[in-house]
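All remarks here apply to the structure that follows.
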Amino acid sequence: MGPSDGDARNGSTGPPDRQTLRLLERQLASDPLVAATEFEPDPYEPRSLRAELDTERYPDPVTAARVDVRWFATDDFSIHYVEDRSDDRWECRWDRHPNAHDARVHFHEPPTGAEVSGLDLPSLHPLEVYSTAFDAIERRVESLW
C-alpha cells in the first residue's frame, strides 16, 4: 500500500499532482477550443489549472466558458466545466474523490451540477479522463448551434 492508498481510505484527496497538472496544461494549450490556460496560484506550485475557452466558438448567449481542473497525488480529480450565459449559468463536473454520498467516480449533471450519477470511465489515466470530458464539451458546443 502506497501513501496515496492511505490518503484515499482516510477520505483525503491528498496533495496536488503537479506533474499531471502540467501534463494536462500542455494538452489544453494545444486544444483548439482553449484560448488560454493559467495555473492557480502560480506555475511554480500549482494547485489547480484553469482553461478559458474561446467564446468565438459559442453562440451569443454564452459570454464566457472555462474548465477548472484539479488533480491529486491519489489520482482523484475534478474537471469542472462552466458556461456563463447572459441570463444564467450552465455547468457539469467529472469527479473522482472519496465520499459517503456518491460513487467515488461520478458526474455532476448539467445544467446545474446538482444531480449526480455514476461515471464509467474507460481508464483513469489523466489523458483519457481529459479526452472523455473534452469530447462531451465539444458535443455541448456543437449542440448550442
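Which condition number in (1) of a type in the set (S, T, N, Q); (2) surrounded by 15 or more Cβ atoms within 10 Å (Cβ to Cβ); (3) over 30 Å from S12 (Cα atoms) is the one that S30 fails? Against the list (1) of a type in the set (S, T, N, Q); (2) surrounded by 15 or more Cβ atoms within 10 Å (Cβ to Cβ); (3) over 30 Å from S12 (Cα atoms), S30 comes up short only on (2).
Entry remark, the range 132-145: residues being within 14 Å of W94 (Cβ to Cβ) and surrounded by 15 or more Cβ atoms within 10 Å (Cβ to Cβ) number 6 in total. Scanning the range 1-39 for residues that are of a type in the set (D, E) and modelled with pLDDT under 95 yields a count of 2.
Of these, R47, R66, which one is within 16 Å of the chain's Cα centre (by Cα), among the basic types (K, R) and closer than 25 Å to E142 by Cβ?
Values: R47 fails: closer than 25 Å to E142 by Cβ.
Being within 16 Å of the chain's Cα centre (by Cα), among the basic types (K, R) and closer than 25 Å to E142 by Cβ holds for just one of R47, R66, which is R66.
Within the range 70-87, is even one residue over 23 Å from E128 (Cβ atoms), of a type in the set (D, E) and buried (at least 20 other Cβ atoms within 10 Å of the Cβ)? Checked the range 70-87: at least one residue is over 23 Å from E128 (Cβ atoms), of a type in the set (D, E) and buried (at least 20 other Cβ atoms within 10 Å of the Cβ).
The values are calculated or read from the model by the stated rules, or taken from the named source; none is laboratory data. Predicted model, so just to flag it, every value in this text is computed and none were measured. Here Cβ is always computed from backbone atoms with ideal geometry, including for glycine, and neighbour counts include all displayed protein chains.
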